[in-house]
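The structure appears right after this line, and notes come after that.
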Amino acid sequence: MELIHESAGKKLYRDGDKLVKTFDESYSKAGILNEALNQARVEETGLNIPKVRAVTVVDGRWALIWDFIEGETLESLMQKHPEKEDEYLNFFVDLQIRMSKEKVPLLGHLRDKMHAKISASAYPATVRYDLHMRLDGLPRHVKLCHGDFQPSNVIITKDGTPFIIDWSHATQGNGSADAARTYLIFKLQGKDALAEKYLNLFCTKTDTAIQYVQRILPIVAASQSVKGKPEEQEFLAKWVNVCDWQ
Ligand SMILES: Nc1ncnc2c1ncn2[C@@H]1O[C@H](COP(=O)(O)OP(=O)(O)O)[C@@H](O)[C@H]1O
Ligand SMILES: [Mg+2]
């Protein structure tokens, strides 16, 4: 097995035509099995995603086995060809919109997940109350939401077919909340110009008011604060506290 990627507590290997994703003890069994179950559920939509092949234990670690997708991530393509940024971003937004047209009724609801995150956040009760109210005011949709839709989670094959990977945070809910989360991810990565361009493009293509997505930002920021890195907290708090004076 060849190690191809390493991130906090996770190691990904290639084993022929299979991808082996292993987790250390910091990941709960329920969380790992949920990632496999989400992925199996999304497989039924017919979207291009790696199929689940096995759930097993490798060297004492839980391991999820997917099809290995031969190709390059959109993130890597964007780094290599900065002159094609607009083209790639266009493709990225179209893919997100296509995904959000799918329905996966057995997935958990984004609304429930966000209420739970707000409750678990360290913000004062008054701020949490505002966030819960704001979330309750959001239209209830059942669109497929990825939860971590970003260019590193899209693999483009040689013939140009996009595969969406990494479904551990998938839910059903409001598609603009999924877009708000993508915007936040770009901002946290310091890609400010890309973030603005992304949000404008998403809003234009879906005929959504920017203010509508902006109203969701304090909620996604509060959700991120629960698991977020210490160095992100100041930035997130600024977004959450917008609630105070609006
Ligand atoms: N099925 C796959 N086929 C090929 N490469 C993959 C596959 N799954 C993941 N990768 C590669 O590993 C990287 C990390 O995988 P991912 O599942 O997104 O892990 P993480 O949860 O750490 O983000 C991806 O960006 C991609 O480069
Ligand atoms: Mg990923």
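Just so you know, all these numbers are worked out from the coordinates, no wet-lab data involved. What you see is a predicted model, and the numbers here were worked out from it, not measured in a lab. Glycine gets a Cβ as well: all are built from the backbone with ideal geometry, and neighbour counts include every protein chain shown.
At 0.36 nm per residue, minus the direct Cα-Cα distance, what do Ala122 and Arg14 gain on full extension? Give it in nm, one decimal, please.
Details: separation 108, 0.36 × 108 = 38.88 nm, distance 3.92 nm.
Result for the pair: 35.0 nm of gain on full extension.
On a C-alpha basis, how far is the centre of the range 161-186 from the centre of the range 66-128 in Å? Whole number, if you could?
2
How large is the charge dipole for the chain, taken about the Cα centre, if only the Cβ atoms of Lys, Arg (+1) and Asp, Glu (-1) carry charge, to the nearest 20 debye? Intermediate results must be reported in sequence, preceding the final value.
Numbers: 32 positive and 34 negative charges, 148 e Å.
So the dipole magnitude of the chain works out to roughly 700 debye.
Taking Lys113 as the anchor, which lysines have their alpha carbon closer than 17 Å to its alpha carbon, excluding any fewer than eight residues away along the same chain?
Within the straight-line limit of under 17 Å, Lys113 reaches these lysines: Lys143, Lys227.
So what are the three principal axis dimensions of the chain from its Cα atoms, in whole Å, longest to shortest?
That gives 55, 42, 35 Å along the principal axes, largest extent first.
Relative contact order of the range 2-67: what whole-number percent is it, with Cα pairs under 8 angstrom and at least 6 residues apart?
After rounding, I find 30 percent.
What percent do you get for the relative contact order of the chain when only Cα pairs under 8 Å and 6+ apart count? Please list the in-between numbers first.
On the way: 373 pairs, mean separation 44.1, N = 246.
Once normalised by length, the contact order is 18 percent.
How would you rank Cys203, Cys145, going from fewest to most other Cβ atoms within 10 Å of each one's own Cβ?
Values: Cys203 19, Cys145 28.
By the 10 Å Cβ count, ascending, the order reads Cys203, Cys145.
Between the DSSP loop rule and a limit of at most 14 other Cβ atoms within 10 Å, which trypsin sites (Lys or Arg not before Pro) in the range 144-246 are left?
Working: sites: Lys158, Arg181, Lys187, Lys191, Lys197, Lys205, Arg215, Lys227, Lys238; in loops: Lys158, Lys191, Arg215.
Those that pass, being in a loop and sparsely packed, are Lys158.
Averaged over all directions, how much area does the convex hull of the C-alpha atoms of the range 65-194 cover when projected, in nm²?
The number I arrive at for the range 65-194 is 9.6 nm².
Among the aspartates and glutamates, which fall within straight-line cross-link reach of Lys187, defined as a Cα-Cα distance under 14 Å, with same-chain neighbours fewer than 8 residues apart omitted?
Within reach: Asp148, Glu196, Glu231, Glu232, Glu234.
Using DSSP loop states and a limit of at most 10 other Cβ atoms within 10 Å to flag GluC sites (Glu not before Pro), what is the longest stretch of the chain containing no flagged site?
45-246
When each pair of different Cα atoms in the range 153-246 is counted once in the 1/r mean, what is the Kirkwood radius in angstroms, to one decimal?
So the Kirkwood estimate lands at 14.6 Å.
With n ≥ 4 as the cut-off for DSSP H runs, can you work out [θ] at 222 nm for the chain, using -39500 (n - 2.57) per run divided by the number of residues, rounded to the nearest 500?
Rounded to the nearest 500, it is -14500 deg cm²/dmol.
Tell me, in nm to one decimal, what length is gained between Val55 and Phe235 on full extension, where the rule is 0.36 nm per residue of separation less the Cα-Cα distance?
Contour length minus Cα-Cα distance gives 61.1 nm.
Calculate how large, on average over all directions, the projected area of the Cα convex hull of the range 22-96 is; give the answer in nm² to one decimal.
Over all viewing directions, the range 22-96 projects a mean Cα-hull area of 6.6 nm².
In what order do Thr22, Thr56, Thr206 fall by count of nearby beta-carbon atoms within 10 Å, going from fewest to most?
Fewest-to-most ranking of Thr22, Thr56, Thr206: Thr56, Thr206, Thr22.
Calculated FRET efficiency, Asp67 and Leu33, Cβ-Cβ r, R0 25 Å, to nearest 0.05?
Result of the calculation: an efficiency of 0.85.
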